[in-house]
1. Alpha carbon centre of the range 297-365 versus the range 565-615: separation in Å?
2. Roughly how many Å is it from the Cα centre of the range 486-527 to that of the range 120-168, as a whole number?
3. Taking a 24 Å limit on the Cα-Cα distance, which of the listed pairs Lys119/Lys169; Lys268/Lys327; Lys436/Lys485; Lys167/Lys197; Lys303/Lys475 fall beyond it?
4. Using a Förster distance of 56 Å, how high is the FRET efficiency between His164 and Leu320, based on the Cβ-Cβ distance and rounded to 0.05?
5. Looking at Ser128, Ile460, Ile595, which one has the Cα that reaches farthest to the positive end of the dipole of the chain (charges on Cβ: Lys, Arg +1; Asp, Glu -1)?
6. Please give the contour-minus-distance gain from Lys327 to Arg496: 0.36 nm per residue of separation, less the Cα-Cα distance, rounded to one decimal in nm.
7. What length, rounded to one decimal in nm, is gained on full extension from Leu388 through to Val488, with 0.36 nm per residue of separation minus their alpha-carbon distance?
8. Using a simple charge model, +1 on the beta-carbon of Lys and Arg, -1 on the beta-carbon of Asp and Glu, nothing else, what dipole does the chain show about its Cα centre, in debye to the nearest 20?
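Where a number appears in this text, it was derived from the coordinates with a stated rule and is not lab data. As the structure is a prediction and not an experimental result, all values here were calculated from the model. Quick reminder, even Gly has a Cβ in these numbers, built from the backbone with ideal geometry, and neighbours come from all protein chains shown.
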Amino acid sequence: MKHFERLLAYALILLLGFIPDIHAMTQKTHKSHGLSRFDDLKYPAEFSHVEYVNPDAPKGGHLKIAAVGILDTLNPYTPTGTPILEAWPINYFFLGFLGLNEPLMAGTGNYSVAADEPKSAYGLIAESVEHPDNSQWITFNLRKDARFHDGHPITAADVVFSYHFLKTKGSIRYQMQLSLIDRIEIINDHSVRFYFKSPGNREQLFSAAELPVLPEHYWSDASIKKAKLDPPLGSGPYKITKVVPGTSITFSRVQDYWGKDLPINRGKYNFDQITLYFYQDIAVAFEAFKASTVDMHFERVAKRWAEAYDFPDVINGRVLKVEIPSKSMTLTPVCVLNTRHYPLDNLQVRKALAYLMDFEWSNRTLFDHAYIRSASYFPNSAYAAEGLPSDDEIAVLNPYKNALPEELFSKPFAMPTTDGSGQIRAHQQTALQLLKEAGWQVKNNQLVNKDGKQLSFELISNSHAMDKIIIPFKKNLAGIGIDLKYRVLDSSTYIRRVRNADFDVIGYNYPFGLSPGIELFRFFHSSNADAPDNQNLAGASNPVVDHLLEKIPHAQSQQELEVILKSLDRTLLWNYYAIPLWYHPRTRVAMRNHIRRPDTETDFPVIISSWWLAE
């Protein structure tokens, strides 16, 4: 009898080993040509092209662009050096356009294929995807004709290599992006499956879909940590064909690009060549544009836009000034306050500094009233916190009420405003009161702590473009005894110091795009506050912020996501991790009159990949 019972037990163990998880059996599997965060995809499986392109745009010509920054590496994945995609305006308007290694899927997150559809992605290297309702895993079925520029086919082995390579050796951006993934397995040469650490929703699927696929046969013999100027092997519509160290880089259209006939690519990638000329200062880049060295200029200085475009090419019509409507949040400057450093680790000190930035004077005197004051991390969007918290926001925030400023629930957040006259004595008095509460007092015209040390901090920049903003700010601070040290550094030193969090205050533009999601972890989650090469510039380490960020992947609707992000916005604002400055709901571009763009507008302002040159 005991022998029989033992055999029966073994049989049950073996049988159970073959029985799949009951919960997994009930999960419906979805197969599609694309991914959407919540709703149905805008474009059906058999779409011919996206709506905002001219599908018959002519190919040809040479586009020349100024890039403000340095050129010291062509490796876009390195944690050292400065990749070309970090230079202005490449980092905002050309990121997907000039991407050398394509992702599995192309979307608003990284490749701007569907720039008229927030948080979506369509098959690029992957022809289709499969995933269950609970998003525990996702399978990518690769296109069999996808290949690298040297003719090697793109296979599942390349995807697996890319995942392990970027997760362990890539920059912090990729390490954070891939942190939700538990493991990856090859199904066959053209199918690969990612398993996530826990069930979630479709938000986490994008972290796998946006993985750039690197050629294993190239990178296995190359060091990702080495900053170098050898053009890496890619798979996209362009490849690097000429490099003049420190001066320029030329991309040439790949004539036999494997994906040129895909519907998502029709009407795009129309220039035969694109050359980036690198300059250290935006004012020098503007002079290069005036001299016809480059073909377009993205104007960031309102006063220059209003007053400096009176040179002959504008007057005779060879240069056109264009303002393109935008709902993008990528061009909204803030002053980031590094809370790792004394005295900026004190909330009252940070709040006091906000009273000494006179936006109204700057907007009247310097910007010709061109800008709107920002009071949000997500201005010009549905995610900006406005007025008092809604009932839904209160429901989200109430569990953390004891850890939040009382004012968050009783007052709308607003930045201090002035009459624009430059006289801010009332604001200085408010700032002094806040600083007194933090233990500072004025002695001998200096604001000092109990040890007699003056309140002092350093603001660094890599451009003199902010001089007109910072110098009046410095004067306002000095008026109550605060010493601001303002230093303009060369680009390489500046980038090194920012990566090492070796600064007190910097100007920054958060690259949030159209639909913020789990990428916000990089900028605000405490787990990234002290990581090397981190993007949590303020050093935010706040349990409430962490909890709100962790809710984002579990949002079940667009409305729920908006409530979470508005609650996050309020929490960040009332903690004064940064001083929001301003925004402009249009992108200003001056361009030669032979450059053409489609008539259809999108929420994302400038889709350069859909532009072309007149014949």
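1. Here the answer is 13 Å between Cα centres.
2. So the separation of the two Cα centres works out to 30 Å.
3. The answer is Lys119/Lys169.
4. The calculated FRET efficiency here is 0.70.
5. So the residue furthest toward the plus end is Ile460.
6. 57.7 nm
7. Result for the pair: 32.1 nm of gain on full extension.
8. The dipole magnitude comes to about 1240 debye.
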